[in-house]
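Asks: Handing you this structure, nothing more for now.
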Amino acid sequence: MHDNHRQRMIERCQRTGFDSFADHEILEMLLYFSKPRCDTNETAHLLLERFGRIDNVFEATPEELMQIDGIGQRSAVLMHLIRESARRYTKAVMQNRKRFSHIREVA
């Protein structure tokens, strides 16, 4: 059942994108990069049980994350990196958007 699970998940992502993925599946796939040879599904579920929602997982400190069974320093740094990357991306996008100084410009 678990044979080639990671490959099937990657192929599913390529076929359908991430909209069809549950939050635990997103976390599970992210953990592939810091935990290359173990089942990450249980760890993903533990993260959501502890923090409630995926955004709270990314907002947690590395120290808080490492309290979860299966989350070591590499995984904690990865989650922190995701958050900081998203913040910088959002900031860059917002800086490049046209700003309106008057209501007439909106029309």
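Asks: If we keep just the residues of segment 7-38 that are of a type in the set (K, R) and within 19 Å of V77 (Cα to Cα), which is surrounded by the most Cβ atoms within 10 Å (Cβ to Cβ)?
Replies: So the residue we want is K35.
Asks: Working carefully through the options A92, A76, find the one that is within 29 Å of Q7 (Cα to Cα) and out of contact with any Cys (no Cβ under 8 Å at 6 or more places or on another chain).
Replies: Testing whether each residue is within 29 Å of Q7 (Cα to Cα) and out of contact with any Cys (no Cβ under 8 Å at 6 or more places or on another chain) leaves just A76.
Asks: Sticking with this one: Any chance you could count how many residues in segment 20-59 are charged (D, E, K, R) and within 13 Å of the chain's Cα centre (by Cα)?
Replies: Of the residues in segment 20-59, 6 are charged (D, E, K, R) and within 13 Å of the chain's Cα centre (by Cα).
Asks: Collect the residues in segment 67-77 that are hydrophobic (A, V, I, L, M, F, W, C) and open to solvent by less than 30 Å² (accessible area, probe 1.4 Å), keeping them in residue-number order.
Replies: Once the filter is applied, which keeps residues that are hydrophobic (A, V, I, L, M, F, W, C) and open to solvent by less than 30 Å² (accessible area, probe 1.4 Å), segment 67-77 yields I68, I71, A76.
Asks: Is it the case that R83 is open to solvent by less than 50 Å² (accessible area, probe 1.4 Å), under 15 Å from the mean Cα position of the chain (by Cα), more than 30 Å from N4 (Cβ to Cβ) and of a type in the set (D, E, K, R)?
Replies: Against the criterion (open to solvent by less than 50 Å² (accessible area, probe 1.4 Å), under 15 Å from the mean Cα position of the chain (by Cα), more than 30 Å from N4 (Cβ to Cβ) and of a type in the set (D, E, K, R)), R83 qualifies.
Asks: Just to be sure I understand, how many residues within segment 61-80 are without any contact (Cβ under 8 Å) to a residue 12 or more places away in the chain and in contact with a Pro (Cβ under 6 Å, 6 or more places away or on another chain)?
Replies: 0
Asks: Being of a type in the set (D, E, K, R) and either at pLDDT 95 or above or surrounded by fewer than 11 Cβ atoms within 10 Å (Cβ to Cβ) (or both) is the requirement here; does R97 meet it?
Replies: Answer is yes for this residue.
Asks: Open to solvent by 30 Å² or more (accessible area, probe 1.4 Å) and at positive phi: which single residue out of N56, N4, N41 fits that description?
Replies: Result: N4 is the single residue among N56, N4, N41 that is open to solvent by 30 Å² or more (accessible area, probe 1.4 Å) and at positive phi.
The values are calculated or read from the model by the stated rules, or taken from the named source; none is laboratory data. From a predicted model like this one, the values you see are computed outputs, not experimental measurements. Reconstructed Cβ throughout: ideal geometry from the backbone, glycine too, with neighbour counts over all protein chains shown. The protein model used for the area step is the full one, side chains on, heavy atoms only, and it has no ligands, DNA or RNA in it. Shrake-Rupley method; radii C 1.70, N 1.55, O 1.52, S 1.80 Å.
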